[in-house]
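The values are calculated or read from the model by the stated rules, or taken from the named source; none is laboratory data. Here the structure is a predicted model, which means the values were calculated and not measured. Cβ sites come from the backbone with ideal geometry, for glycine too, and all protein chains shown count toward neighbours.
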Amino acid sequence: ALNCGIVGLPNVGKSTIFSALTAAPAEAANYPFCTIDPNVGIVEVPDPRLHRIAEIIHPRKVVPAAMEFVDIAGLVRGASKGEGLGNQFLAHIRQVGIIAHVVRCFEDPDVAHVSGKVDPAEDIATITTELCLADLETVEKRLARLEKQRKSHDRIQAKQAEETIPLLQRVGSRLSEGVPVRAQGIEKEELERLSDLFLLTAKKQIYVCNVDEEGIHTENDYVKAVRDIAESEGADVVVLCGKLEAEIAMLEDPEERRAFLEDAGLSEPALNVLIRAAFHTLGLRTFFTAGEKEARAWPFPEGITAQEAAGLIHTDFMKGFVRAEVYRCDDLFELGSEQKIREAGRLRLEGRDYIVQDGDVVYFRVNV
Ligand code: GDP
């Protein structure tokens, strides 16, 4: 799924961040894949390359890539046991592609902390434990089923069970120690064998440190604690001040916004960094189409072919694919026009098996 779930303990700033992310509503009509739900927001992926392309090509319309963010409140200690509305929230997490885990890294006597004091490592452990317990239950249920399947008369079924049981036992025992699946060092091939369990802790995670205004410029000890944990999992960390981001998001006038950012010492809203990190962690890259009518950024999973990319634009384009005319957006920025790209011999004709690269500008020749 092209979406990112926002999780974290109560009062860490999730809703503040979600509201800021979704303050400028993206034009839903451009993104038919998106869900209509108050907890789901369509967010445009800020990409300066698209705007540079538009400045050169002058299309009538510019359409950025978009992804969804989902506000998943309600994760508390005991959620995996179904306390509160716990289990329902876990079901929401199951449906997202990756998780942005918001951690409170600010002090504020006016904002209560669920466990009484700010302690990022402890907070992360609380959430991780709940997700591990939920996964452990999933694994145990599957193991019970496989134990039966192992005794099946169907040889193939029995063999499959025989092969999968040790893997699940190993994963389960690490989960019971509180080690999320993503941090267990499991090989890709084995992870694929686990994919139909939709394990929560197998999802990639980004840590979002919600700091006070001072914390943006000088890294506080809370953020350091989060970085240590993130590093051990190979996860990204984004530092932002939710309150400040909410204020920035309210400013509609670009000039006012620029002045505000400058005052705050930011070159762009930190939310942009978060969106790009989420986009990248989802394994997505961007190619562009650019013509008189429209310049558009297309998200694609790394490794797809030109023919598959054509299919993203229109299913008929996949069948009718003839060839792709490709150049690098950097060449456009350097040379200044498509005409010059042609003259310089930097326009390539590619066949159906060409592996599309991040930053390609593509024109698909199709026969439909
Ligand atoms: P949620 O329960 O995780 O969704 O948290 P909320 O977004 O509702 O925030 C809880 C409280 O913390 C609200 O009163 C926010 O105004 C406050 N808050 C959120 N972000 C910040 C921040 O960066 N600094 C400070 N001081 N307060 C914040």
Is it the case that some residue within the stretch 317-337 is closer than 30 Å to residue 103 by Cα and touching a residue at least 12 places away in the same chain (Cβ under 8 Å)? no
Of the residues that make up the stretch 70-85, is at least one among the basic types (Lys, Arg), touching a residue at least 60 places away in the same chain (Cβ under 8 Å) and in the same structural domain as residue 236 (by TED's automatic domain parsing)? no
How many of the residues making up the stretch 264-295 are outside any helix (DSSP H, G or I) and under 24 Å from residue 249 (Cβ atoms)? 8
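Filter the stretch 205-227 for residues that are part of a helix (DSSP H, G or I) and in contact (Cβ under 8 Å) with a residue 60 or more places away in the chain and give the result.
The first filter runs over the stretch 205-227 and keeps only residues part of a helix (DSSP H, G or I), leaving 213-216, 221-227.
215, 222, 223, 225, 226 - these are the residues of the stretch 205-227 that are part of a helix (DSSP H, G or I) and in contact (Cβ under 8 Å) with a residue 60 or more places away in the chain.
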When you scan the stretch 231-251, how many residues do you find that are without any contact (Cβ under 8 Å) to a residue 24 or more places away in the chain and more than 20 Å from residue 11 (Cα to Cα)? 3
Give the stretch 241-263 a look and list any residue that's away from the ligand (no atom under 13 Å from the Cβ) and part of a helix (DSSP H, G or I), or say none. 250, 254, 255, 256, 257, 258, 259, 260, 261, 262, 263
So for the stretch 159-181 (the condition being within 30 Å of residue 245 (Cβ to Cβ) and either touching an Asp or Glu at 6+ places or on another chain (Cβ under 8 Å) or away from the ligand (no atom under 14 Å from the Cβ) (or both)), does at least one residue qualify? yes
Residue that is under 19 Å from residue 94 (Cα atoms) and β-branched (Val, Ile, Thr), where the choices are 127, 165: 127
So if I check each of 10, 38, which one is within 11 Å of the ligand (Cβ to nearest atom), at pLDDT below 90 and under 24 Å from residue 88 (Cα atoms)? 10
Tally up the residues in the stretch 301-356 that are within 26 Å of the chain's Cα centre (by Cα) and not in a loop (DSSP other than H, G, I, E, B), please. 15
Restricting the search to the stretch 229-265, which residues are within 23 Å of the chain's Cα centre (by Cα) and loosely packed, with under 12 Cβ neighbours inside 10 Å? 231, 232, 234
Within the stretch 98-136, residues being aliphatic (A, V, I, L, M) and either within 10 Å of the ligand (Cβ to nearest atom) or within 20 Å of the chain's Cα centre (by Cα) (or both) number 11
In the stretch 207-221, which residues are within 19 Å of the chain's Cα centre (by Cα) and within 24 Å of residue 110 (Cβ to Cβ)? 208, 209, 210
Return the total of residues in the stretch 222-240 being within 16 Å of the ligand (Cβ to nearest atom) and over 25 Å from residue 111 (Cβ atoms). 0
Number of positions in the stretch 189-221 that are over 19 Å from residue 267 (Cα atoms), within 16 Å of the ligand (Cβ to nearest atom) and surrounded by 23 or more Cβ atoms within 10 Å (Cβ to Cβ): 1
